[in-house]
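Q: This is the structure I want to talk about, given as structure tokens.
The values are calculated or read from the model by the stated rules, or taken from the named source; none is laboratory data. This one's a predicted model, so the numbers in the text were calculated from it and none came from an experiment. Note: accessible area is taken over every heavy atom of the protein model, side chains too, but ligands, DNA and RNA are not part of it. Shrake-Rupley method; radii C 1.70, N 1.55, O 1.52, S 1.80 Å.
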Amino acid sequence: MEQRHLGRTGLRVSRIGLGTLLWGRDTDEHDAADLMKAFWEAGGTLVDTADVYGDGESEYLLGRLIEGLVPRRDLVISTKAGSVPDPDRRFDGSRGHLLSALDASLARLGTEYVDLWQVHAYDPGTPLDETLQALDIAVSSGRARYAGVSNFCGWQLAKAGTWQLAAPGTRTRLASTQMEYSLLQRGVEREVLPAALDLGMGLLPSSPLGRGVLTGKYRSGTPTDSRGGSDHMAPFVEPYLDEAAGHIVAAVATAADGLAVTPLQVALAWVRDRPGVAAPIVGARNAQQLTEALSVEALSLPDEICQALDDVSAPVHRYPDQDWSTL
């Protein structure tokens with residue numbers, strides 16, 4: 001699998017990442033081992049998790065597979081901290097919480113360091129410089145090799161990235177931002193992606209298949225064995241089952257028929273090759289789904305197909321997101 005630099009850093013990652021959101025909950029150890037083995041054998045390196053995935057079970061399960069199945073040196077392990085199970089405070093970006101969470105993640109993963117450590121979301125209750133200091137400490141102490149953020153909007157990302165570049169040599173450059181990005185969700189193109197490109201951060205798209213909807217599996221209803229058919233994941237999928245999404249899914253299916261590939265491959269190839277994207281994170285539930293996703297390595301969409309998909313899924317960008325003189 002082709003390797004790409006993560007933003008303006010020396011870290012290289014596979015251009016498809018393996019997501020572990022459902023590990024330890026819907027994906028058991030046997031299935032996780034199959035996924036990991038297939039991913040590694042295909043040349044995949046980037047494995048993404050978080051301390052709250054499966055209440056920590058995702059990290060624990062990943063740790064059990066390291067060395068026993070796949071050598072630690074062959075993987076780029078990314079995890080996150082900052083989300084908390086508190087109805088009154090969803091995110092805790094305090095220095096104390098973040099560093100304690102990192103130590104707990106390392107214990108569950110059974111490793112001395114993570115390759116990429118990301119703040120899971122912006123915490124308005126903590127000064128941003130305090131949150132970012134935790135990243136500096138993590139990297140300077142060797143517990144993390146690179147640092148990034150996740151779910152920061154445009155101004156938050158620009159502020160954080162600029163702060164970290166303000167004093168080179170004493171602060172850790174932000175290597176990445178992880179955000180939802182797909183043909184069904186192109187909101188990052190308004191401000192987040194331009195900020196990431198300008199500040200040298202690589203974009204790690206989550207839900208690159210529109211929460212599974214772009215595979216076409218929901219065109220004739222909701223399969224009982226799908227995420228949309230489960231009680232705890234149905235609310236996650238439902239927003240992408242409207243009429244507007246249906247038109248985009250139909251266009252993807254048409255493109256797939258013309259290229260003799262699957263809708264999954266078309267949707268994944270589109271987001272993988274967007275400007276600024278380092279590696280879409282694919283959350284396959286079984287080895288068969290992952291194998292189909294990994295087969296996109298050999299696919300490059302023709303320019304006319306890309307343009308057609310761009311047109312049918314184009315978000316509305318007006319003032320002030322475009323040059324005002326053209327409006």
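Q: From the backbone phi of region 195-201, what are the Karplus-calculated ³J(HN,Hα) couplings (6.51 cos²θ - 1.76 cosθ + 1.60, θ = phi - 60°) in whole Hz, Gly and Pro given as x?
A: So the J values, rounded to whole Hz, are 5, 5, 5, 5, 9, x, 9.
Q: Here is a further query. When a/c reaches 1.5 or more, the comparison of a/b and b/c decides; with that in mind, is region 90-183 rounded, prolate or oblate per its Cα gyration tensor? Each step should come with its number before you reach the end.
A: On the way: a/c = 1.43, a/b = 1.24, b/c = 1.15.
Because its axes are fairly even, with a/c under 1.5, region 90-183 counts as rounded.
Q: Something else now. In whole Å, how far is the Cα centre of region 241-312 from that of region 168-215?
A: Comparing the Cα centres of region 241-312 and region 168-215, I get a distance of 17 Å.
Q: Moving on to the next point. At 1.4 Å probe size, with every protein chain present, just tell me what the per residue accessible area of region 161-295 comes to in Å².
A: Details: 5530 Å² over 135 residues.
Ligands and nucleic acids excluded, the result is 41 Å² per residue.
Q: Hey, any idea what % of the chain's accessible area is carbon plus sulfur with a 1.4 Å probe? Intermediate values should be presented prior to the final figure.
A: Working: 7200 of 14380 Å².
Carbon with sulfur: 50 percent of the solvent-accessible area.
Q: Per residue, what accessible area does region 32-120 have, given a 1.4 Å probe and all protein chains present, in Å²?
A: Values: 3550 Å² over 89 residues.
In whole numbers, region 32-120 has 40 Å² accessible per residue.
Q: If ligands, DNA and RNA are left out, what is the accessible area of Glu41 with a 1.4 Å probe, given in Å² to the nearest 10?
A: That residue has around 120 Å² of solvent-accessible surface.
Q: Right, next: According to the square roots a ≥ b ≥ c of the eigenvalues of the Cα gyration tensor, what is the shape class of the chain, taking rounded for a/c under 1.5, prolate for a/b larger than b/c otherwise, and oblate for the remainder? Walk me through the numbers before you get to the answer.
A: On the way: a/c = 1.57, a/b = 1.19, b/c = 1.33.
Cα axes put the chain in the oblate bin.
Q: Then there's this: Express in whole angstrom the spacing between the alpha-carbon centres of region 85-118 and region 1-73.
A: Region 85-118 and region 1-73 have Cα centres separated by 17 Å.
Q: What order do Tyr240, Tyr181 take when sorted by accessible area (1.4 Å probe), most exposed first?
A: On the way: Tyr240 25, Tyr181 0 Å².
Highest to lowest solvent-accessible surface, that is Tyr240, Tyr181.
Q: Which whole-Hz ³J(HN,Hα) couplings does region 25-32 yield from phi under the Karplus relation 6.51 cos²θ - 1.76 cosθ + 1.60, θ = phi - 60°, glycine and proline marked x?
A: 10, 9, 10, 7, 5, 5, 5, 4
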